[in-house]
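Data block below; observations after.
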Amino acid sequence: MRRLATLFTLLISVVAFAGSGSKAEPNRIWIIDVIIISPENLDHTEKGSVLIEDGRIARVERTQKAKRADGTIVVSGNGRYLIPGLIDSHVHLDSVPGIGMIPDQVKLNEPLAKSYFNHEDLVGTYLKQLPRSYLYYGYTTLVDLVAPFPQALEDFRHEPLHPDLYECNPSMPFANGYPMSYAPPEVRFKLFPNFIYDPKQAASIPPEYKPEDHKPAADVARVKNAGGICVKTFFERGFGAVRNLPVMGPEVLSEIRRAATANGLVLMIHANSFEAQRFAVAGDVDVIAHGLWNWGDLDKNPELPDEIKRLLDEIVEKRIGYQATTQVLYGLEAYFDPDYLKNPAVAKVAPKALVEWFKSPEGKWFGKELNDDDTPAAVVKQHYEQGPLRRVRQVVQYLASKDAKFLFGTDTPSSPTYGNLPGLNGYLEMRQLEKAGLSLKQIFLAATISNAREFKLESQIGTIEPGKVANLVLMTKNPLETIDAYDSITTVLVHGKPISRKDLAADSR
Ligand SMILES: [Zn+2]
């Protein structure tokens, strides 16, 4: 392993040197002696070699030997597995695990907390590590669905090493609904300026926001103009202490649907209840951004109820993209799992000072909020296991048996939890998907070609084929044989640039 890392280190300097010389000379790397695992070729994976030129895949040979041309650097993969870079199509890069939801920060840091992202403290260190943590687990492409602080995404793109980033921003919540409801009334419209107007709530919408500027078509046009590839909206009546939030009706969703189609944008909806997913399916959304763990009146049913099965069948038939996001729940459960912070992987993706703070009484504030009556941790854990986690596993298992269109998305971080750390959360989600009944092939496709196709990126990423961006991951184990493969990464290539995994770790700096 060390030998390869050295080779790659050498490689980087050689390539950089070549690049600084004559412009006409392309950067060429042959990766030879690798087993190519790519979605279009899963039935007969074989050893081969891949030529990378100027950050793109130029040739793929299904033979072991590569012809050596002048100026080409040859690197041996030593018989390891080469897969396309992974895609997580549900992240929130401006939200910091364990620290608190953005609106809480806004309360502390008005106006709008620009300085919050600039100061050099736990948050600053975390945001520097953030892109590297995703790469550490092989995620070379991300889609951010909601970012009230777009500056954080700009900063992410300016980091020297980062996954490719696409967005649905600015997101489109229903006026005063989820998630803008979490921010105090005086700032929520500033944080979510692309909200959908609701004439019934005219009295609680500041007068500077005109109804005609906040019709679905105007909002969708704003996403398109901002360079978004998807529209993110919400159907959520609330949970925990926040209930009875306003939600849109079917006419509003169908207006969004029309506008999204007209602009070529993917329509994604936050929906995790039976009611919300029924609403989403009736409205022909493209992607449901959560698993179905809230069954409403049917919550206590030990088996998957027939009426939910019928809805899931429709999701399968309509080929609606499905993000199970089970880590939303495991991320909450983390506060009641005495072993979570002891996982050595935590130190690989989160800066040491932040992890130390997670362990402090102050750093566990969100866990206290989740368990304000001090129920024993084991009891709370059991509550998650037998409640929402059982339900989402039943749903995912059913959908897997029908070969639904799963799209890999983690919702990292889904709340202020420290149980959703970047990169690691994806790996844990994959493990949970396997436990819930997805085959290794289903998981692999969900995180590569299915995501690429859904978001209309398949001409660029998702497989190992000529012409595509050389976002690639080299691993010692076969991802079609064991889920552990996703934690056996040795090298990640970002636009053809190889980076040794250990150099991406938070504890390597
Ligand atoms: Zn989300």
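Through the Karplus equation 6.51 cos²θ - 1.76 cosθ + 1.60, θ set to phi - 60°, convert the phi angles of the range 491-508 into ³J(HN,Hα) values in whole Hz; use x for Gly and Pro.
So the Karplus estimates, Gly and Pro as x, are 9, 10, 10, 10, 6, x, 8, x, 10, 5, 4, 5, 6, 8, 5, 4, 8, 8 Hz.
Long-range amide H contacts for ARG80: which residues qualify at under 5 Å (H placed 1.01 Å from N, peptide plane, sequence gap of 5 or more or a different chain)?
ILE35
Select from THR410, TYR182, SER38 the residue farthest towards the positive end of the dipole of the chain; place +1 on Cβ of Lys and Arg, -1 on Cβ of Asp and Glu, and compute about the Cα centre.
The listed residue farthest towards the positive side: SER38.
Suppose only helical runs count, i.e. DSSP H with n ≥ 4. What mean residue ellipticity at 222 nm does that imply for the chain under -39500 (n - 2.57) per run, divided by all residues and rounded to the nearest 500 deg cm²/dmol? Mind dumping the intermediate values first?
Working: 18 runs with 172 residues, N = 509.
The helix-only estimate for the chain comes to -10000 deg cm²/dmol at 222 nm.
Which one, TYR322, PRO338, TRP293, projects farthest toward the positive side of the charge dipole computed for the range 288-412 from Cβ point charges (K/R +1, D/E -1)?
Farthest towards the positive pole: TYR322.
If the cut-off is 14 Å between C-alpha atoms, which aspartates and glutamates fall inside it for LYS224, apart from same-chain ones fewer than 8 positions away?
GLU167
So what is the relative contact order of the chain, in percent, for Cα pairs below 8 Å that sit 6 or more residues apart?
Values: 1022 pairs, mean separation 106.6, N = 509.
Once divided by the residue count of the chain, the mean separation gives 21 percent.
Pick out, from VAL492, ASN225, LEU445, the residue whose Cα sits farthest towards the positive end of the charge dipole of the chain, with +1 on the Cβ of Lys and Arg and -1 on the Cβ of Asp and Glu.
VAL492
The chain: percent of C-alpha pairs farther apart than 40 Å? Working shown, then result.
Details: 27299 of 129286 pairs.
Counting every Cα pair in the chain, those more than 40 Å apart make up 21 percent.
If eta is 1.567 mPa s and T is 4 °C, what Stokes-Einstein diffusion coefficient results for the range 218-300, Kirkwood Rh from Cα pairs, in µm²/s?
On the way: Rh = 13.4 Å.
D = 97 µm²/s.
For the range 124-178, with all protein chains present and a 1.4 Å probe, just round the carbon and sulfur fraction of the accessible area to a whole percent.
Details: 750 of 1400 Å².
Of the solvent-accessible surface of the range 124-178, carbon and sulfur hold 54 percent.
Please figure out what share of the DSSP beta bridges in the chain is antiparallel and state it in percent, rounded to the nearest 5. It would help to have the intermediate numbers written out before the result.
Numbers: 26 of 56 bridges.
Taking every DSSP beta bridge within the chain, about 45 percent pair in antiparallel fashion.
Quick one: Karplus J couplings for the range 403-414, per residue in order, coefficients 6.51, -1.76, 1.60, θ = phi - 60°, nearest Hz, x for Gly and Pro?
6, 4, 7, 6, 10, 6, x, 9, 6, 9, x, 7
Just in the range 288-354: which trypsin sites (Lys or Arg not before Pro) are loop by DSSP and have at most 10 other Cβ atoms within 10 Å? The partial results should precede the final answer.
Values: sites: LYS300, LYS309, ARG310, LYS318, ARG319, LYS342, LYS348, LYS352; in loops: LYS300, LYS318, ARG319.
Sparse-neighbourhood loop trypsin sites (Lys or Arg not before Pro): LYS300.
Could you check the spin-label model distance between THR375 and GLU159? Points 7 Å from the Cα along Cα→Cβ, value in nm.
With each label placed 7 Å out from Cα toward Cβ, I get 3.6 nm.
Name the residues whose placed amide hydrogens come within less than 5 Å of the amide hydrogen of ASN471, ignoring near sequence neighbours (fewer than 5 apart) on the same chain.
Here the answer is GLY85, HIS495, GLY496, since their amide H atoms fall under 5 Å of that of ASN471.
Only helices at least 24 Å long along their own axis, judged from Cα atoms, and with Kyte-Doolittle mean hydropathy of 0.5 or greater: name those in the chain from DSSP H.
Working: long enough: 2-20 (27 Å, 1.41).
Once both thresholds are applied, what remains is 2-20.
Over the chain, give the accessible area per residue in Å² for a 1.4 Å probe, as an integer.
Details: 21040 Å² over 509 residues.
Each residue of the chain exposes 41 Å² on average to a 1.4 Å probe.
Which value, in debye to the nearest 20, gives the size of the charge dipole of the chain about its Cα centre, when Lys and Arg are +1 and Asp and Glu are -1 at the Cβ?
On the way: 58 positive and 63 negative charges, 279 e Å.
About 1340 debye.
Mind checking the range 416-506 for GluC sites (Glu not before Pro) that DSSP puts in a loop (not H, G, I, E or B) and that have at most 16 other Cβ atoms within 10 Å? All intermediate terms of the calculation are to be shown ahead of the outcome.
Numbers: sites: GLU429, GLU434, GLU454, GLU458, GLU481; in loops: GLU458, GLU481.
The qualifying sites are GLU481.
Quick one, what does Rg over Rh come out to for the range 354-509 if you take C-alpha atoms and the Kirkwood Rh? Don't skip to the end; give the middle numbers.
Values: Rg = 18.4 Å, Rh = 18.1 Å.
Here Rg/Rh amounts to 1.02.
Before anything else, pin down the relative contact order of the range 169-251: Cα pairs under 8 Å, at least 6 apart, normalised by residue count, whole percent. Before the final figure, lay out the partial values.
Working: 108 pairs, mean separation 33.7, N = 83.
Relative contact order of the range 169-251: 41 percent.
Kindly identify the range 438-509 as rounded, prolate or oblate by the Cα gyration tensor criterion: order the square roots of the eigenvalues as a ≥ b ≥ c, call it rounded if a/c is under 1.5, otherwise compare a/b with b/c, prolate if a/b is larger, else oblate. Let's see the in-between values first.
Numbers: a/c = 2.14, a/b = 1.22, b/c = 1.75.
The shape class here is oblate.
What is the range 253-297's relative contact order, in percent, from Cα pairs under 8 angstrom and six or more apart in sequence?
Details: 52 pairs, mean separation 18.6, N = 45.
Rounded, it is 41 percent for the range 253-297.
Within the accessible area of the range 324-438, what % is carbon and sulfur when the probe is 1.4 Å and the other protein chains stay in place?
Details: 2400 of 4560 Å².
Looking at the range 324-438 in its full context, I get 53 percent from C and S.
Among the trypsin sites (Lys or Arg not before Pro) in the range 389-437, which ones are in a DSSP loop with at most 15 other Cβ atoms within 10 Å of the Cβ? Mind listing them?
Numbers: sites: ARG390, ARG391, ARG393, LYS402, LYS405, ARG431, LYS435; in loops: LYS402, LYS405.
Taking the range 389-437 and a limit of 15 other Cβ atoms within 10 Å, the loop trypsin sites (Lys or Arg not before Pro) found are LYS402.
Counting Lys +1, Arg +1, Asp -1, Glu -1, what net charge surrounds SER133 among other residues with beta carbon under 14 Å of its beta carbon?
Working: positive: LYS128, ARG132, LYS348, LYS352, ARG501, LYS502, ARG509; negative: ASP88, GLU159, ASP487, ASP503, ASP507.
Once positives and negatives cancel, what remains is +2.
Compute the distribution of all C-alpha to C-alpha distances in the range 334-435, in bins of 10 Å from 0, and list the percent of pairs in each, rounded to whole numbers.
The calculated distribution, bin by bin, is 13, 41, 34, 11, 1.
Starting from the Cα of GLU303, step 7 Å toward the Cβ, then list every residue of the range 417-439 with an amide N under 20 Å from that point.
What the label zone holds, given the 20 Å backbone N cut-off, is 437.
The values are calculated or read from the model by the stated rules, or taken from the named source; none is laboratory data. If you're wondering where the values come from, they're calculated on a predicted model, not measured in any experiment. Please note: Cβ atoms are built from the backbone with ideal geometry, for glycine as well, and neighbour counts cover all protein chains shown. Side chains are part of the model used for accessible areas, which takes the heavy atoms of the whole protein and leaves out ligands, DNA and RNA. Shrake-Rupley method; radii C 1.70, N 1.55, O 1.52, S 1.80 Å.
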